Amino acid sequence: MATPMAALPAAPAPPRPRLLMIATALAVGAATMLFGGLLGIYLNVREAAGGTTAEWVPSSITFPEIAVNTVAITLVCSVVIIHWALWAIGNGDRRNTYIALGLTIVLGFAALNALAFSFNQMHLAVRDNVYSVMVATVGGTFLVLLVGAMVFIGLMTFRTLGGRYSTKEHEGIAAATLFWDFTVVVYLAVWYFLFVLK
C-alpha cells in the first residue's frame, strides 16, 4: 500500500515587474531628449542672432522676474513635499500621504497660475520675432509637461485613496515622485536659459 505524500509548499510568487517605474523612466528619457533639443535650438538661434540681450530680446518684452523666481521656489519646495508623500506611504502613514500628495497638486496649480501670468505679462508677439516663437515653444511645452505631471500625481492619489498602494507596494507614488522631480529639474533649466540668460 502506497503511503500518502506530504504536499509540498507552494513556490513563492515571482517578483512583480515594476512596469510603471520602467515606463516612467522611459518617459523621462524621452522628455529629456525633447527639452534638451528645444533648449539646444533656443541657444543656437540666440547665438545666431548675436548672442546679446540687446540684439536678441525685443525691447517690447517685459520680464516678470518675481513671478518666474517664485515658480522656481514653489517647485523646489514641492519636491520636498512629494518626497514626504513617498516616505509617508512607505511608513504606513496614509493621512500624511494624502496631505502631501494634495499639497503637491496645489503647489503645481500655483506654479501653473504664476507661469500663465508671467507669459501674459511678457506680451509675446509670436508672429513678430524669433525670440517670441522660441519662448512660446519652450514655455508652452513645459506647461504641457507640468499639467501631465499634475495629472499623474492626481491619478496616483486616487489609486492611493482606493487602497491600491500600501507600505509594501507603492510603486505608483514612487513613479509619480520620479516624474515630478524631473519636471522640477526641467523648469530650473527653462528658468535659467529663458529668464536668467535671456
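The values are calculated or read from the model by the stated rules, or taken from the named source; none is laboratory data. All values derive from a computational prediction rather than experimental measurement. Cβ: placed from backbone, ideal geometry, glycine included. Neighbour counts: every protein chain shown.
Residues of the stretch 174-198 being hydrophobic (A, V, I, L, M, F, W, C) and more than 19 Å from Val80 (Cα to Cα), which ones? Of everything in the stretch 174-198, those that are hydrophobic (A, V, I, L, M, F, W, C) and more than 19 Å from Val80 (Cα to Cα) turn out to be Val190, Trp191, Phe193, Leu194, Phe195, Val196, Leu197. Got a sec? Which of Thr62, Thr70, Thr104 is at pLDDT below 95 and of a type in the set (Ser, Thr, Tyr)? Result: Thr62 is the single residue among Thr62, Thr70, Thr104 that is at pLDDT below 95 and of a type in the set (Ser, Thr, Tyr).
The residues of the stretch 146-173 that are modelled with pLDDT of 90 or more, aromatic (Phe, Trp, Tyr) and either in contact with a Pro (Cβ under 9 Å, 6 or more places away or on another chain) or under 18 Å from Trp84 (Cβ atoms) (or both) amount to a single one, Phe152. Here Thr141 meets the list (1) polar (S, T, N, Q); (2) over 22 Å from Thr160 (Cβ atoms); (3) at pLDDT below 95 almost entirely, failing just condition (3).
Reported count of residues in the stretch 95-116, each being surrounded by fewer than 15 Cβ atoms within 10 Å (Cβ to Cβ), farther than 20 Å from Gly162 by Cα and not β-branched (Val, Ile, Thr), is 3. If you go through the stretch 53-71 and keep only what is assigned to a loop (DSSP other than H, G, I, E, B) and loosely packed, with under 11 Cβ neighbours inside 10 Å, you end up with Ser59, Thr62. Residues that are more than 18 Å from Thr24 (Cα to Cα) and without any contact (Cβ under 8 Å) to a residue 12 or more places away in the chain: does the stretch 144-151 have at least one? The answer is no, given that none of the residues of the stretch 144-151 is more than 18 Å from Thr24 (Cα to Cα) and without any contact (Cβ under 8 Å) to a residue 12 or more places away in the chain.
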